[in-house]
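Note sheet for the following structure.
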Amino acid sequence: MTEIQVKNIMLNHGLKVVLESCSFEVKSGRRMALLGPSGCGKTTLLRAIAGLHKITSGAIFLDSEDVTEIPVEERGIGLIFQRPLLMPHLNVWGNLRLGQKENNDEEIKNMLDLIGLKGFESRKVEQLSGGESQRIAVGRALLARPRVLLLDEPFSNLDSSLRIRLCTDIAQILESRNTTAILVTHDADEADRFSHISMNFDDLNKK
């Protein structure tokens, strides 16, 4: 379990200020949802935490360790996108294997059971539904044993009933593994369903 702290970060895109005086913390093993409309900077914030965007000022801490200048591949942060980035030439098993640092067949079997896709080992990516693909993306990320998992509106492309079910299921999976996680969304019900605490993005990003 890992605590994350974001302290007064600022980020500019050219002359445009996207993030300013943005601060919050998420306790170890807790789930937070950041709520706000499309285009307000939520995704930029997640990418900054992951190390994909360089911040102009401020700091990002994981368990009191300043990771602001640490490369993305060394932060130990998992990122789930709106569309699952699965490898089409690999089956479900192969895609899950990509998440492992060391090959462990039993761990993959346990993960398939955890994400509710036991028996899907040989299924091709093209045969998966949107919800199944997103479960595989989450399973692969968890197999990498991330210190923190970031989720960028991963349910937005699903129909309403599937969206509700998958959001609830993934929240329970993260709960069972005590994984610290941050979800960004524009759906207030989804934010409440997923998180221990839901916050309005504008309240954090005081421009």
Name every residue in segment 164-199 that is in contact with a helix residue (DSSP H, G or I) (Cβ under 7 Å, 6 or more places away or on another chain), farther than 15 Å from S28 by Cβ and open to solvent by less than 40 Å² (accessible area, probe 1.4 Å), in order of residue number. L166, C167, I170, A171, I173, L183, V184, T185, E190, F194
Selection status of T2, open to solvent by less than 30 Å² (accessible area, probe 1.4 Å) and part of a loop (DSSP other than H, G, I, E, B): yes
Selection from segment 22-58 of residues open to solvent by less than 40 Å² (accessible area, probe 1.4 Å) and β-branched (V, I, T) yields V26, T44, I49, I55
Search result, residues across segment 10-27 that are at pLDDT below 95, part of a loop (DSSP other than H, G, I, E, B) and on the phi < 0 side of the Ramachandran plot: L15
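Taking the options E102, E106, name whichever one is assigned to a loop (DSSP other than H, G, I, E, B) and either within 24 Å of L117 (Cα to Cα) or β-branched (V, I, T) (or both).
Numbers: E106 fails: assigned to a loop (DSSP other than H, G, I, E, B).
Matching residue, one of E102, E106: E102.
Which residue out of F81, F61, F120 is of a type in the set (F, W, Y), at pLDDT 95 or above and touching a strand residue (DSSP E or B) at 6+ places or on another chain (Cβ under 7 Å)? Quick ask: steps written out before the conclusion?
Details: F81 fails: at pLDDT 95 or above; F120 fails: touching a strand residue (DSSP E or B) at 6+ places or on another chain (Cβ under 7 Å).
Criteria check complete, one pass: F61.
Just one of R193, R145, R177 is at pLDDT 90 or above and at positive phi; which is it? Break it down stepwise before answering.
Numbers: R193 fails: at positive phi; R177 fails: at positive phi.
Just a single option satisfies the conditions, and that option is R145.
Does E126 meet the test of being loosely packed, with under 14 Cβ neighbours inside 10 Å, among the acidic types (D, E) and either in contact with a helix residue (DSSP H, G or I) (Cβ under 7 Å, 6 or more places away or on another chain) or touching a residue at least 24 places away in the same chain (Cβ under 8 Å) (or both)?
Working: loosely packed, with under 14 Cβ neighbours inside 10 Å: yes; among the acidic types (D, E): yes; either in contact with a helix residue (DSSP H, G or I) (Cβ under 7 Å, 6 or more places away or on another chain) or touching a residue at least 24 places away in the same chain (Cβ under 8 Å) (or both): yes.
Spelling it out, E126 is indeed loosely packed, with under 14 Cβ neighbours inside 10 Å, among the acidic types (D, E) and either in contact with a helix residue (DSSP H, G or I) (Cβ under 7 Å, 6 or more places away or on another chain) or touching a residue at least 24 places away in the same chain (Cβ under 8 Å) (or both).
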Can you find a residue in segment 66-80 that is open to solvent by 70 Å² or more (accessible area, probe 1.4 Å), over 20 Å from F201 (Cα atoms) and in contact (Cβ under 8 Å) with a residue 40 or more places away in the chain? no
Mind listing whichever residues of segment 32-43 are out of contact with any helix residue (DSSP H, G or I) (no Cβ under 6 Å at 6 or more places or on another chain) and modelled with pLDDT of 95 or more? M32
For segment 32-54: of the residues being closer than 24 Å to A141 by Cα and part of a loop (DSSP other than H, G, I, E, B), which is farthest from the chain's Cα centre (by Cα)? K54
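The values are calculated or read from the model by the stated rules, or taken from the named source; none is laboratory data. Keep in mind that this is a model prediction, so the values were computed, not measured. Cβ coordinates were reconstructed from backbone atoms using ideal geometry, including for glycine residues, and neighbour counts include every protein chain displayed. Surface accessibility is based on the protein's heavy atoms, side chains included, excluding ligands, DNA and RNA. Shrake-Rupley method; radii C 1.70, N 1.55, O 1.52, S 1.80 Å.
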